[in-house]
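**Q** Input: one structure, supplied below.
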Amino acid sequence: MTLKGTRTTMTVLPPDALGLATGYDPSVDVRGLAGSATAAEAHGFDIAFFSETLFTNRDSASAVSAMALSTSQVQLGTTQVVKLRSPLVMAQTAATLDELSGGRMVLVLGAYTAKHADRNGVPLTDPLPTLNEYVEAIRRLLRGETVDLDGDVVQMRGARLNFTPVRPEIPIWIAATTRKGLLNAGAIGDGALLDAGASPEYAANAIAVLREGSERARRDPDRLRIAQLVNTSIEDDRATAIDAMRWEVATKFTYRSTPRAKLTVGEPTIDRDDLAGFEAAFTAGGKEALARAIPESYVTGLTAAGTIDDVRARIAEYRAAGVHLPLVRPAAPRQLDALLSLASDRKAAV
């Protein structure tokens with residue numbers, strides 16, 4: 001459900017909104033992703049979300065098409081990194097997916113960084129100006145404009161969609177981690193997506209920066225919809241749940257930039273003095289050694305791991321920090337059923 005604003009579209013979410021995050025497990029094929037979306041809808045989730053990740057698992061257009069065809073009510077969202085597609089193709093894809101789903105899409109755009117350039121062979125440009133030019137072009141194209149744009153990165157002449165989108169104002173959220181990125185997201189986004197592997201305390205600090213960015217741009221910060229990916233591990237035994245999550249936490253320390261960005265915003269779980277030791281463990285023994293080096297306090301601080309009651313309480317902490325839409329992601333496929341129950345019983349439990 002959406003409400004038209006004076007400038008952009010605001011996604012309306014219930015106070016206890018909850019989303020299911022997919023796209024990270026390479027063993028889950030497109031049919032499996034569609035099945036997860038169907039299950040999310042049946043259990044009362046508000047959105048089924050697909051992340052098109054740096055690790056090049058399934059692509060978003062194919063995955064969300066399958067999810068759209070297997071569902072009828074749940075909202076659908078996906079991340080896409082700018083520069084991997086042209087602004088015209090991104091607008092065309094978003095409008096097509098919105099049409100296919102009956103107006104249920106949320107598009108989350110992320111900046112093109114050096115990590116993406118290394119893997120894709122597309123030259124790096126200044127990430128934030130590039131992102132902003134893409135957002136401007138995509139919004140104008142979705143509104144039916146013929147776009148002439150002479151930006152630093154985006155240069156278009158006579159670009160337009162040759163069909164009328166179901167909605168001219170598809171919500172565009174911005175994925176952001178750094179302080180600079182969060183300020184920018186607050187200035188240009190209909191909402192923001194906060195990264196996984198972060199505590200509720202980080203979320204509260206990040207949301208304060210988002211609001212600052214919105215206010216600087218003379219926008220109403222209360223119109224921002226805040227989503228956060230939450231790594232979730234549910235087991236009957238708390239220690240088993242924590243062990244199942246170690247590999248996921250370890251992935252957040254394989255690049256120096258990821259923890260350092262969160263420290264600049266305010267992530268109390270991470271001790272800067274630990275980073276050199278994590279890097280040494282990863283260099284010596286890869287992800288397995290790094291996972292062993294991660295203290296339990298990092299797993300419990302940066303994720304939602306434990307019994308189902310532990311996880312319910314943890315999600316409530318993210319909500320209390322200001323997150324409108326926790327996007328929960330299971331640490332292992334076997335945990336999906338337990339995770340789905342979070343939505344069906346949430347009104348009584350969180």
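**Q** Per the helix-only calculation at 222 nm, which mean residue ellipticity applies to the chain, given -39500 (n - 2.57) for every DSSP H run of n ≥ 4 and division by its residues, nearest 500 deg cm²/dmol?
**A** My calculation for the chain gives -14500 deg cm²/dmol from helical runs alone.
**Q** Rounded to the nearest 0.05, what FRET efficiency do Thr146 and Ala114 give with R0 = 41 Å and r taken as the Cβ-Cβ distance? Could you check?
**A** Efficiency computed from Cβ-Cβ geometry: 0.75.
**Q** Now for a different question. Over the Cα atoms of the stretch 191-350, Rg to Rh with Kirkwood Rh, two decimal places?
**A** With Rg and the Kirkwood Rh in hand, the quotient comes to 0.99.
**Q** Could you calculate the FRET efficiency of Arg292 with Arg272 from 1/(1 + (r/R0)^6), where r is the beta carbon distance between them and R0 is 22 Å, rounded to 0.05?
**A** Taking R0 as 22 Å, the efficiency between Arg292 and Arg272 is 0.60.
**Q** Across the stretch 80-91, in residue order, what do the Karplus-derived ³J(HN,Hα) couplings come to in whole Hz, using 6.51 cos²θ - 1.76 cosθ + 1.60 with θ = phi - 60° and x for Gly and Pro?
**A** Whole-Hz 3J(HN,Hα) from phi for the stretch 80-91: 9, 8, 5, 6, 6, 9, 6, x, 5, 5, 5, 5.
**Q** Could you calculate the contour length gain from Arg157 to Thr254, that is, 0.36 nm times the residue separation minus the distance between their Cα atoms, to one decimal place in nm?
**A** 30.8 nm
**Q** Still on this model: Along the positive direction of the dipole of the chain (beta-carbon charges: Lys, Arg +1; Asp, Glu -1; about the Cα centre), which of Asn184, Val230, Ser65 reaches farthest?
**A** Checked the options; the winner is Asn184.
**Q** Given N residues in the stretch 166-247, what is Rg(Cα) / (2.2 N^0.38 Å)?
**A** 1.34
**Q** Okay, moving on. Can you list the residues, at least 5 places off or on another chain, whose amide H is less than 5 Å from the amide H of Gly110, using H built in the peptide plane?
**A** Sorted by chain and number, the residues that satisfy this are Gln80, Val81, Val82, Ala175.
**Q** Taking springs between alpha-carbon atoms closer than 10 angstrom, which of Val108, Val153, Val249 fluctuates most in the Gaussian network model of the chain?
**A** Ranking Val108, Val153, Val249 by mean-square fluctuation puts Val153 first.
**Q** Work out which trypsin sites (Lys or Arg not before Pro) in the chain are exposed loop sites (DSSP not H, G, I, E or B, at most 15 other Cβ within 10 Å) and give the longest gap free of them.
**A** In the chain, the maximal stretch lacking such sites is 8-142.
**Q** A further question on this structure: To check my understanding: the extent here is largest minus smallest coordinate of the Cα atoms along each principal axis. What are those three numbers for the stretch 168-214, in Å, largest first?
**A** 35, 20, 13
**Q** Search the structure for amide H atoms under 5 Å from the amide H of Arg167, placed 1.01 Å from N in the peptide plane, and list their residues when 5 or more places away or on another chain.
**A** none
**Q** Assign unit charges at the C-beta atoms only (+1 for Lys and Arg, -1 for Asp and Glu), then state the dipole size of the chain relative to its Cα centre in Debye, rounded to the nearest 20.
**A** With Lys and Arg at +1 and Asp and Glu at -1, about 820 debye.
**Q** If you don't mind, another one. I want the antiparallel fraction of DSSP beta bridges within the chain, as a percent rounded to 5.
**A** Taking every DSSP beta bridge with both residues in the chain, the antiparallel ones total about 15 percent.
**Q** Checking the a/c ratio against 1.5 first, then a/b against b/c, what shape does the Cα gyration tensor give for the stretch 21-83?
**A** prolate
**Q** Quick one: what are the phi-derived ³J(HN,Hα) couplings along the stretch 176-190, Karplus 6.51/-1.76/1.60 with θ = phi - 60°, whole Hz, x for glycine and proline?
**A** 8, 10, 7, 4, 4, x, 5, 4, 5, 4, x, 7, 10, x, 6
**Q** So what's the convex hull volume per residue for the Cα atoms of the stretch 237-307, in Å³?
**A** That works out to 72 Å³ per residue.
Read-outs: derived from the displayed coordinates by stated rules, not from any lab. All values reported here derive from a predicted model rather than from experimental measurement. Quick reminder, even Gly has a Cβ in these numbers, built from the backbone with ideal geometry, and neighbours come from all protein chains shown.
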